[in-house]
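Beneath this line is the structure, given in structure tokens, with notes to follow.
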Amino acid sequence: MNDTLRLDSENRSLLLSTREAIPEIIYWGAKLAQSQAVHDSGQEPVPQASLDQRAPLSLSVDAGRGLFCRPGIAGQRQGKDWSPVFSLTKVETIAQGLVLHCEDPVAQLAVSYTLILEADTDLLRMWVALTNHSEQDYELQHCDLSLPLPSDCAELETFGGRWCQEFKPHRQRLDHGSINLTSRYGRTSQQKQPFYFIGRPGFSETQGRVYGFQLAWSGDHAMNFELLDSGQRLVQLGEHLASGELVLKKQQTYQSPEVLMGYSDSGTNGISQSYHQHIRQKILHWPEARPRPVILNTWEGIYFDHDPDYILRMIDRSAELGVERFVLDDGWFKGRNDEHSSLGDWYLDTQKYPQGLTPLIDRVNQHGMEFGIWMEPEMVNPDSDLFRAHPDWILSLEGYEQPMGRYQYVLDLQQTAVSDYLFERIDELLTDNDIRYIKWDMNRELVQPGHKGYAANHGQTISLYRLLERIRAAHPRVEIESCSSGGGRIDLGILPYVHRYWTSDCNDALERVMIQSHFMRFLPPELMGAHMGAPVSHTTGRQHQLSFRALVALFGHFGLELDPVKLSESEIKDIQYFVALHKAHRELLHSGRFSLLTNPGDPNLLAWQVVGGNREQALAVFIQKTITQYSVPPLFPLTDLDPQRDYRVTVLHGAEPRELGPMKQLPGWLSEGTRLNGDWLMRAGLQLPVMQPESAFLVKLEAL
Ligand code: GLA
């Protein structure tokens, strides 16, 4: 008997076997020929000294069937029904997908798996839902998707660092046991980000069989990569729940966050491109189709020092630079002179702004720019009118002292009065003022997040989504940025409600190369807030020339994070040039196919490349992080070009003598540009000049 279920997209196939009582994924990868003659489950040998029959590696990994690994679903009711065993009851076909309904009549639990293979992006979208059918409550411990992987996929790449070190990559090889990464910070976190690659050891951006995973969730989450003694590998992804956090009453259902899984047999770039395309087509909700406006954000320019007259000068100068959106960061609301007070009191500080915000907004609008504002709605300082009036509005556990983070507490959004208060404050602010953008911040981790005594991370996350949804519905033209001490809340769960992320509080261009390179492996460049900061980085003290700061920010949602009034004449000219350069190319940058290119010929050198839809044009920025490895730089192969066509290669920036490294003779093509064949550029490469450390070199390719 050959019982297989099959889904196909443009380039991928997913096969499940239903031969056993519970379906198992038996293949997920490059598109297979149409044939029923496949190796379905149950064909493996049963080795000596093992259970007498093979245990199916289902999407719930039932321990009760004899799998000696972490079960996909765990919970209990009064100590019982702790080891459910599910069997398939119904297969439902939906657009591009399947819903597999399974039940355990003994434990009185039902589980369903939704699998959707996106037709044109080749991504697999999945979630699991668990329903309690018993009169007795079911306490859920975890409810994850368990996904089998080919046995050669032994290398895991995870991401995360700390404040100012988002998206730091880590590679680990799994030869025994399991690797578990649990994020318990209450927010997505900078430390353990819900982005993963697992592939054949040595996979790179351009080579090797590899799978990519993103979990769409902004609260606690967990990933378990496990090797069974049979040699089978699996990955489990889901929400991390605290004890007693999720209790299902009769007929209640828990639905897990979505997992978005990609596959490539030639490195991670193919997966990145699918992710970008899917996000652009299916998740982003733009009030109108227009380019991402160039931003000036006031934070590193003036911090809490708000003087409306001075800010008017900043606005005028911003307009002169070509800025299109002026964002007033922290410090504008009642009594907010430093980080110790006032969060929660979302009323304008009339001492600082006796005329209100109107003069600023009018000036911004006169210049044809739009106005944005910073808020941190989920937080309250003990030193605030809000906290004095409602000390019981915070997440906490009675009997314990709630620790502070950045001198603040977290509001309990599950209390209707709290969410209503925040909605009312934000709604009024947006109704009374022509504000087009909120930088929505969230600056601390959650500790003992208690609601009525129960663990509340799950409820808090859902309530945040509902609040954002409510604000979006009331003010559909207002864009929102997800910021959390920089990149502490970058995930697909929040993306349906926001328009971009603040990638990192680190504006040091060299650190940003690492942060942004890996951000763009999962998320498209236009979602990546990328601002060029002051010459000396405020978070690292490192100094960089203007062109390096600008070119590193160029591919993202470009902006400035500095005081524009303090710029010299030459800095003004240079910034005007780079703002114009970004505007001239942002359409390509924010719609094209992105590739990260590293080069074993010089590990200190990398490139970001974006190619337009029909391979007519491309931009590539080459970044020399530290000093060149050898005296002559390698030929640098590009990707994704048309092998049949020749391209005109022109330098857009970086060939000025002051920016290049010491050379007696430049590569010949630099002065007049060159014509090179696409196949040559991909197989042999482009000859780069000797570059200075911490410099970048931007080229444009146009098909002839
Ligand atoms: C956080 C953000 C910064 C800035 C400050 C303001 O740290 O990440 O960009 O907005 O808050 O307090």
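The values are calculated or read from the model by the stated rules, or taken from the named source; none is laboratory data. All of these numbers come straight from a predicted model, not from anything done at the bench. Here the Cβ positions follow ideal geometry from the backbone for every residue, glycine too, while neighbour counts run over all protein chains shown. In case anyone asks, the SASA skips ligands and DNA or RNA and just uses the protein heavy atoms, side chains included. Shrake-Rupley method; radii C 1.70, N 1.55, O 1.52, S 1.80 Å.
Here are some notes:
- Cβ-Cβ under 9 Å pairs, at least 6 apart or on other chains, the range 440-458 side over 14 Å from Ile394 (Cβ atoms), far side of a type in the set (Val, Ile, Thr) and open to solvent by 30 Å² or more (accessible area, probe 1.4 Å): Tyr454/Val247
- Among the residues of the range 348-370, not a single one is closer than 20 Å to Phe304 by Cβ, within 16 Å of the ligand (Cβ to nearest atom), in the same structural domain as Glu479 (by TED's automatic domain parsing) and among the small types (Gly, Ala, Ser).
- Condition check for Pro403: in contact with a Pro (Cβ under 8 Å, 6 or more places away or on another chain), away from the ligand (no atom under 16 Å from the Cβ) and open to solvent by 10 Å² or more (accessible area, probe 1.4 Å): no
- Of the residues Leu464, Leu429, Leu413, Leu446, the single one that is at pLDDT 95 or above, more than 16 Å from the ligand (Cβ to nearest atom), assigned by TED's automatic domain parsing to the domain that holds Leu328 and more than 25 Å from the chain's Cα centre (by Cα) is Leu429.
- Residue within the range 233-255 that is touching a Phe, Trp or Tyr at 6+ places or on another chain (Cβ under 7 Å), within 30 Å of Glu139 (Cβ to Cβ) and free of Cβ contacts under 8 Å to residues at least 60 places away in the same chain present: no
- Residue check, Leu14 part of a strand (DSSP E or B), over 16 Å from Gln232 (Cβ atoms) and assigned by TED's automatic domain parsing to the domain that holds Gln232: yes
- Unique match (being within 16 Å of the ligand (Cβ to nearest atom), open to solvent by 10 Å² or more (accessible area, probe 1.4 Å) and not in a loop (DSSP other than H, G, I, E, B)) among Glu481, Glu511: Glu511
- Test: residue in the range 140-148 that is buried (at least 19 other Cβ atoms within 10 Å of the Cβ), over 20 Å from Glu226 (Cα atoms) and assigned by TED's automatic domain parsing to the domain that holds Gly29: yes
Yes or no, residue by residue, for (1) open to solvent by less than 40 Å² (accessible area, probe 1.4 Å); (2) of a type in the set (D, E, K, R):
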| position | (1), (2) |
| --- | --- |
| Gly612 | yes, no |
| Leu635 | no, no |
| Thr650 | no, no |
| Arg658 | no, yes |
| Gly668 | no, no |
| Gly678 | yes, no |
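- Top-ranked residue of the range 313-343 - restricted to ones that are more than 16 Å from the ligand (Cβ to nearest atom) and within 30 Å of the chain's Cα centre (by Cα), ranked as nearest to Ile302 (Cα to Cα): Ser318
- Residue in the range 318-328 that is among the hydroxyl-bearing types (Ser, Thr, Tyr), open to solvent by less than 50 Å² (accessible area, probe 1.4 Å) and within 25 Å of Tyr577 (Cα to Cα) present: yes
- Matching residues in the range 432-443 - criterion: being more than 16 Å from the ligand (Cβ to nearest atom) and either polar (S, T, N, Q) or surrounded by fewer than 19 Cβ atoms within 10 Å (Cβ to Cβ) (or both): Asp432, Asn433, Asp434
- In the set (1) touching a Leu at 6+ places or on another chain (Cβ under 6 Å); (2) open to solvent by less than 50 Å² (accessible area, probe 1.4 Å); (3) under 23 Å from Glu511 (Cα atoms), Cys164 fails one condition alone, (1).
- You will find that of Asp144, Asp122, the residue that is acidic (Asp, Glu) and touching a Lys or Arg at 6+ places or on another chain (Cβ under 7 Å) is Asp122 and no other.
- Scanning the range 484-508 for residues that are more than 11 Å from the chain's Cα centre (by Cα), acidic (Asp, Glu) and away from the ligand (no atom under 11 Å from the Cβ) yields one hit, Asp508.
Per-residue answers, yes or no, for (1) part of a loop (DSSP other than H, G, I, E, B); (2) in contact with a Gly (Cβ under 9 Å, 6 or more places away or on another chain):
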{"site": "Glu445", "(1), (2)": "yes, yes"}
{"site": "Arg470", "(1), (2)": "no, no"}
{"site": "Pro476", "(1), (2)": "yes, no"}
{"site": "Tyr501", "(1), (2)": "no, yes"}
{"site": "Ile515", "(1), (2)": "no, yes"}
{"site": "Arg521", "(1), (2)": "yes, yes"}
{"site": "Gly529", "(1), (2)": "no, yes"}
{"site": "Met532", "(1), (2)": "no, yes"}
{"site": "Thr539", "(1), (2)": "yes, yes"}
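- The residues in the range 167-190 that are open to solvent by less than 50 Å² (accessible area, probe 1.4 Å) and under 19 Å from Leu241 (Cβ atoms) can be counted, and the count is 7.
- Taking the range 359-386 as the range and being touching a residue at least 60 places away in the same chain (Cβ under 8 Å) and either open to solvent by 70 Å² or more (accessible area, probe 1.4 Å) or part of a strand (DSSP E or B) (or both) as the test, the residues that pass are Glu370, Phe371, Gly372, Ile373, Trp374, Met375, Met379.
- Of the residues in the range 396-406, at least one is at pLDDT 95 or above and closer than 30 Å to Met514 by Cβ.
- Count of the range 335-358 residues which are more than 16 Å from Gln408 (Cα to Cα), open to solvent by 10 Å² or more (accessible area, probe 1.4 Å), out of contact with any strand residue (DSSP E or B) (no Cβ under 7 Å at 6 or more places or on another chain) and in a loop (DSSP other than H, G, I, E, B): 5
- Cβ-Cβ distances below 6 Å connect the following pairs, each with a first residue in the range 607-628 that is outside the structural domain of Gln277 (by TED's automatic domain parsing), a second residue that is surrounded by fewer than 17 Cβ atoms within 10 Å (Cβ to Cβ) and assigned to a strand (DSSP E or B), and a separation of six or more residues or different chains: Gln617/Glu702.
- The range 191-214: number of residues that are open to solvent by less than 20 Å² (accessible area, probe 1.4 Å) and not in a loop (DSSP other than H, G, I, E, B): 10
- Filter pass, Ala534 being open to solvent by 10 Å² or more (accessible area, probe 1.4 Å), outside the structural domain of Glu157 (by TED's automatic domain parsing), within 22 Å of Glu324 (Cα to Cα) and within 16 Å of the ligand (Cβ to nearest atom): yes
- Val418 vs. criteria crowded, with 20+ Cβ neighbours inside 10 Å and under 23 Å from Leu468 (Cβ atoms): yes
- Boolean, Tyr421 is away from the ligand (no atom under 16 Å from the Cβ) and either touching a strand residue (DSSP E or B) at 6+ places or on another chain (Cβ under 9 Å) or in the same structural domain as Gln190 (by TED's automatic domain parsing) (or both): yes
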